[in-house]
1. Around ARG68, what is the net charge, scoring Lys/Arg as +1 and Asp/Glu as -1 over all other residues with Cβ under 14 Å from its Cβ?
2. Which residue, VAL18, LEU149, PHE58, has the largest displacement toward the positive end of the dipole of the chain when charges sit on each Cβ (Lys, Arg +1; Asp, Glu -1)?
3. Compute the signed sum of charges (Lys and Arg +1, Asp and Glu -1) over the other residues within less than 9 Å, Cβ to Cβ, of VAL151.
4. Based solely on its DSSP helices, what 222 nm [θ] is calculated for the chain when runs of n ≥ 4 H residues each add -39,500 (n - 2.57) and the sum is averaged over all residues, nearest 500 deg cm²/dmol?
5. Would you mind computing Rg(Cα) / (2.2 N^0.38 Å) for region 1-100, counting N as its residues?
6. What ranking, highest mean first, results for peptides 9-16, 128-135, 40-47 when packing means the other Cβ atoms within 10 Å averaged over each residue?
7. On C-alpha positions alone, give me the angle between the axis of helix 171-186 and the longest principal axis of the chain, in degrees, nearest 10.
8. Can you give the Rg to Rh ratio of region 6-61, both from alpha-carbon atoms, with Rh computed by the Kirkwood formula?
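Since every read-out is calculated from the coordinates, none of them should be taken as a lab result. Remember, predicted model here, so these are calculated numbers, not experimental data. Don't worry about glycine lacking a Cβ; one is built from the backbone with ideal geometry, like all the others, and counts go over all protein chains shown.
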Amino acid sequence: MSKIDNKKALPQIHQRKVVAQSGLFKVEQLDLEFSNGEKRQFERMAGSGRGAVMIVPFINDHEFLLVREYAAGTHSYQLGFPKGLIDPGESAIVAANRELKEEVGYGAQQLIPLHTVSMAPAFFDAKMDIFIARDLYAESLLGDEPEPLEVIPWSINDVEALLARKDFIEARCIAALFLAQNWIKDN
């Protein structure tokens, strides 16, 4: 195992400005100076700072729930785990339980933090906390989805078939699947 230097100084930000913005996205330009004196401009998508959650909800020891929902980026319906933004003032664990109720019609007696992931950290300032949900109970909340989501149970013993599907492609969902698989082995 190699040693990683975690004490390296971060580049100094000399200027930060918004260069583009839409209803969903804000692009920031950063004027940076690195510890060796090199200066560069970077652009990044600025996150809301609230974060997001994804939940792997187990309805029993070997089955979890997926949702099928519209993905505007690929103009297709995709399978994935329930997920969503953390509302202002909410903790990640409270957001996870709320999203479960909104997207699959269940709450969880037990939410176990699994891992925090980032998507393309060189370009995006956003993090997602992944949770395992267990001991589910029926409870629904009205969500912000434009149409009801299809809820699909899937066996953890049939991961290969899920990975072979053309509608299960989101990298964060695939990471959550493997993390959940490892968690099951250890518990």
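1. -4
2. Sorting the options by dipole projection puts first VAL18.
3. Details: positive: ARG68; negative: GLU103, GLU150.
Computed value for this residue: -1.
4. So the calculated ellipticity at 222 nm is -5500 deg cm²/dmol.
5. On the way: Rg = 19.5 Å, N = 100, 2.2 N^0.38 = 12.7 Å.
That works out to 1.54 for region 1-100.
6. Values: 9-16: 10.9, 128-135: 21.5, 40-47: 14.1.
Highest to lowest by the protection proxy: 128-135, 40-47, 9-16.
7. That works out to roughly 60 degrees.
8. Result: Rg/Rh = 1.23.
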